[in-house]
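So the structure is just underneath, and the comments pick up after that.
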Amino acid sequence: MLKIENLSVAVQGRQILHDINLHIKPGEVHVLFGPNGTGKSTLIGTIMGFERYEVLSGKIYFKGHDITEAPCYERARLGVGVMIQRPPTIRGLSLRHMIEICGATPQETEQMARWMGLADFLDRSVNEGFSGGELKRSELLQLMAQKPDLLLLDEPESGVDVENIALVGRAANYILHNEPCGGTGCDKPCCAHNLDCDTYNPLSSQRSGLIITHVGHILKYVPASHAHILYQGTLSCTSGDPLDVLSCISKTGYEKCVNGGCRRG
Ligand code: ADP
Ligand code: MG
Ligand code: MG
C-alpha cells in the first residue's frame, strides 16, 4: 500500500527526517510513537504531500505509484486520507457541502453525520467554532465520505474526551473496515462495533492505516499490528506489538526503548 524508501525531509531549510524506511502492506495498521517535535506530523504531512515539506531525497510509493512529487489532491484521489492535528476553519463552506464534495450522497451525508453526532452541524461552516471533540469528528466524517485506502491519523485523541474517543475510534474502524459505526459494550474492538468476537478478523480489510498516538487510547478500538518509534527524526523501532511498545515507553522513556526495549528481529 505504502512504501517509503530512504526518505529525508526538510522544513524551512532545516532537515527534520533522516533516511526513513517504512512499508505498510494492505490491511495493516501501524502506530507511530515519538516525543514532541521529533517529526511525526512532518512524516504524515510528507506522505500527504503538503507543500511546506521538502523532500531532500528518497521515494514514496503508494499502490505502486511513485507519488514523491505528486500534488496533494492527486494523492487524495489515489486514496490517501489524512486527519491533521489542527484542522482549519473554512468559513462559507458548509459541512454538508464538504461531505458531498468528499464523495458522499446526500442520504449518506445525513446518515454518517448522525453516526458522528454531527447532524445539527451540517449547515454550519466547516469546523467553525467546533470544540476539540467536534473537530475530530468532523474530520472523520469527511474521511468517511472520502473512503481512503490509506488512513493517516495525527494524534486522533488529542483534546478529545473519553466518550468522543470511543466515537473517534469506531469511526476510524468504520473507515478501515467498512463496518457499521455505533454500539457500546465491552472494550474489545469487535464489541465496540457490535460484531461477533469469534469471527471478527480485523485484518480482513485491505485498507491500511498509520496512526500517531501518545496515549494509545485509540488502540482499544482500532487493532494495530505494527509499531514504530520516531526519535530525533529517525525511525528506530520497526516492529513490535503497539501496546508492548507503548508500555516500554511509559516505563523507561523513548530513548531506552529505541536502544533496546522494543527492538526485535
Ligand atoms: P511532531 O509531530 O513529532 O511533534 P513535527 O513534525 O510537528 O513534530 O515537527 C518537527 C520539527 O519541525 C519541530 O522542531 C517543528 O518545530 C518543526 N516544524 C514543523 N513545521 C514547521 C514549520 N512550518 N516551520 C518551521 N518549523 C517547523
Ligand atoms: Mg506533537
Ligand atoms: Mg505532531
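Each value in this text was obtained by applying a stated rule to the coordinates, not by laboratory testing. Note that this is a predicted model, so its numbers are computed, not measured. Methodologically, a virtual Cβ is constructed for each residue, glycine included, from the backbone with ideal geometry; neighbour enumeration extends over all protein chains shown.
General observations
- Placing a pseudo-label 7 Å from each Cα along the Cα-to-Cβ vector at GLN232 and ARG77 gives an inter-label distance of 4.2 nm.
- Relative intensity of the range 1-108 on a log10 scale, I(q)/I(0) at q = 0.14 Å⁻¹, equals -0.64, per a Debye sum over C-alpha point scatterers of equal strength in the absence of solvent.
- Counted by Cβ distance under 13 Å from CYS102, the other residues give a net charge of 0, where Lys and Arg count +1 and Asp and Glu count -1.
- Packing, taken as the mean count of other beta carbons within 10 Å per residue, orders the peptides 81-89, 5-13 from highest to lowest as 81-89, 5-13.
- Shape of the chain, Cα gyration tensor, a/c cut at 1.5: oblate
- Normalised contact order of the chain, rounded percent, pairs of Cα under 8 Å and 6 or more residues apart: 23
- With R₀ fixed at 41 Å, the C-beta to C-beta distance from ASP66 to LYS251 puts the FRET efficiency at about 0.50.
- Rounded to 5, percent antiparallel among DSSP beta bridges of the chain: 55
- Among 128-140, 15-27, 144-156, the peptide with the highest mean count of other Cβ atoms within 10 Å heads the list, and the full ranking is 144-156, 128-140, 15-27.
- Axial C-alpha extent at least 18 Å, average Kyte-Doolittle at least -0.5 - helices from the chain (DSSP): 132-146, 162-177
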